[in-house]
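The values are calculated or read from the model by the stated rules, or taken from the named source; none is laboratory data. The shown structure was predicted, so the numbers you read here are calculated from the model rather than taken from an experiment. Here the Cβ positions follow ideal geometry from the backbone for every residue, glycine too, while neighbour counts run over all protein chains shown. The area values use the complete protein model at the heavy-atom level, side chains included, leaving out ligands, DNA and RNA. Shrake-Rupley method; radii C 1.70, N 1.55, O 1.52, S 1.80 Å.
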Amino acid sequence: MLPYPAPPSQQPAWLPAPTWPAVIPGWPGPAIPFGTEAAYYPWPTPRPSWPWSPPAGGEDTPHQPVPSPLPLAEETDPIETEVPPIPPAVKTEVEFDLGPGPADRWSETPAQLLPEAVGIPQVGPLRGGLTLSELLSKRIRGFSDRQLTEHHRIYREYFSKFREVRTKLRTAERGEASEVFSRYRALKTSEGIAWNGIRMHELYFDQLSGAGRPAGGRISEWIGRDFGSFDNWVKDFVACAKSARTWALVVYDYYDRRLHNLIADSNESGPLVLSVPLIVCDMAEHAYAIDFGSDKDAYLKAFLMNLDWESVNSRLGEVLKMEFRM
């Protein structure tokens with residue numbers, strides 16, 4: 001790019017040439033009127049440092065282009081761009097046993113038919129959560145069948161991708177692992193995203209019920225103990241949920257043996273170490289946008305109204321059966 005406008009010989013015919021003098025910073029001498037080549041390229045080639053003096057021999061060609069001091073870039077790319085081919089995954093039509101969950105929804109590769117790899121345990125059956133028909137049969141108040149169907153589809157996608165990732169991990173090259181980028185790192189990151197996506201959605205769906213019973217039992221007592229009152233907990237939980245981008249959680253922390261409201265802004269961030277989710281609220285837009293639009297307050301009111309406190313008490317009871325010692 002030239003440091004000044006194009007010289008008069010290169011200006012469009014419709015553009016009149018200015019007539020006022022050009023003042024060039026550092027130029028040794030009077031102002032140079034526009035309309036001359038020197039007004040646009042006042043220095044010789046190559047450009048000298050100021051103060052300027054004519055070159056020896058009187059040869060002054062100020063309008064010639066300045067050659068680039070840098071050599072042209074080589075056409076060949078020194079970076080290796082060839083990517084090794086990904087080994088094909090084992091394919092089979094054998095039905096995978098998902099245990100007591102919805103085994104009729106998807107067909108996957110059984111773990112015993114996959115090649116062995118160091119550090120990858122056999123893919124045991126996951127619980128699978130509720131089927132769509134079971135979820136819709138709950139008649140959750142305030143949530144349409146379309147909203148629940150779309151939300152359940154997101155959960156099924158997590159489940160499907162988790163199986164795919166675990167299959168590909170068995171043939172991933174460990175020797176090329178890198179924290180910057182490697183196929184193994186990408187798969188392990190996706191494994192955590194899908195795994196937590198499955199577990200969080202299963203906890204979310206399982207705790208919802210159309211019964212709308214008030215809070216009671218041990219969880220109600222512990223909420224009063226750790227938050228001062230049930231109303232205090234509701235206010236803090238709603239604020240926590242409205243601040244969350246993905247999950248709002250009530251967890252039991254094994255370290256201090258108390259309840260806490262927490263935020264998890266993504267599947268891979270998860271709750272605190274040594275804490276277990278008791279109440280899980282999905283704050284991603286796919287959980288409420290169809291029925292509630294952007295009205296988070298209305299969604300949270302419906303969520304709390306449909307919260308099955310018997311289910312939450314059952315979770316707390318199972319958590320208290322385990323004991324971690326630091």
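Taking region 188-203 as the range and being open to solvent by less than 10 Å² (accessible area, probe 1.4 Å) and more than 19 Å from Leu307 (Cα to Cα) as the test, the residues that pass are Ala194, Gly197, Ile198.
Checked against (1) modelled with pLDDT under 95; (2) open to solvent by less than 60 Å² (accessible area, probe 1.4 Å), Glu176 meets all criteria but (2). Of everything in region 209-233 that's among the hydrophobic types (A, V, I, L, M, F, W, C) and at pLDDT 95 or above, which residue is nearest to Asp308 (Cα to Cα)? The extreme case among them is Ile219. Out of Ile223, Ile198, Ile193, one residue alone is part of a helix (DSSP H, G or I), over 12 Å from Val280 (Cα atoms) and in contact with a Gly (Cβ under 8 Å, 6 or more places away or on another chain). It is Ile198.
Looking at region 271-290, is at least one residue without any contact (Cβ under 8 Å) to a residue 12 or more places away in the chain, over 22 Å from the mean Cα position of the chain (by Cα) and surrounded by fewer than 15 Cβ atoms within 10 Å (Cβ to Cβ)? No, there is no match, as no residue in region 271-290 is without any contact (Cβ under 8 Å) to a residue 12 or more places away in the chain, over 22 Å from the mean Cα position of the chain (by Cα) and surrounded by fewer than 15 Cβ atoms within 10 Å (Cβ to Cβ).
Glu179 meets each of the listed conditions (1) in a loop (DSSP other than H, G, I, E, B); (2) closer than 30 Å to Leu316 by Cβ apart from (2). Checking each residue in region 234-275 for being of a type in the set (S, T, N, Q), in a strand (DSSP E or B) and at pLDDT 95 or above picks out only Asn261. Within region 220-240, residues that are surrounded by 12 or more Cβ atoms within 10 Å (Cβ to Cβ) sit with their Cβ atoms under 9 Å from residues that are assigned to a helix (DSSP H, G or I) and among the polar types (S, T, N, Q), at 6+ positions apart or across chains, in these pairs: Ser220/Asn313; Ile223/Asn232; Gly224/Asn232; Phe230/Ser220. Restricting the search to region 174-196, which residues are farther than 17 Å from Asn267 by Cβ and without any contact (Cβ under 8 Å) to a residue 12 or more places away in the chain? Hits for region 174-196 are Gly175, Glu176, Ala177, Ser178, Glu179, Val180, Phe181, Ser182. Please verify whether Arg170 is exposed (fewer than 14 other Cβ atoms within 10 Å of the Cβ) and of a type outside the set (Gly, Ala, Ser), treating the condition exactly as stated. It is false that Arg170 is exposed (fewer than 14 other Cβ atoms within 10 Å of the Cβ) and of a type outside the set (Gly, Ala, Ser). Go through the residues of region 308-318 one by one and say whether even a single one is in a helix (DSSP H, G or I), modelled with pLDDT of 95 or more, open to solvent by 40 Å² or more (accessible area, probe 1.4 Å) and of a type in the set (A, V, I, L, M). No, every residue in region 308-318 fails to be in a helix (DSSP H, G or I), modelled with pLDDT of 95 or more, open to solvent by 40 Å² or more (accessible area, probe 1.4 Å) and of a type in the set (A, V, I, L, M). So is Ser160 open to solvent by less than 70 Å² (accessible area, probe 1.4 Å), more than 16 Å from Gly197 (Cα to Cα), at pLDDT below 95 and under 29 Å from the mean Cα position of the chain (by Cα) or not? So Ser160 fails the test. Before we move on, is Leu130 modelled with pLDDT under 95, in contact with a helix residue (DSSP H, G or I) (Cβ under 7 Å, 6 or more places away or on another chain) and within 21 Å of Asn306 (Cα to Cα)? So Leu130 passes the test.
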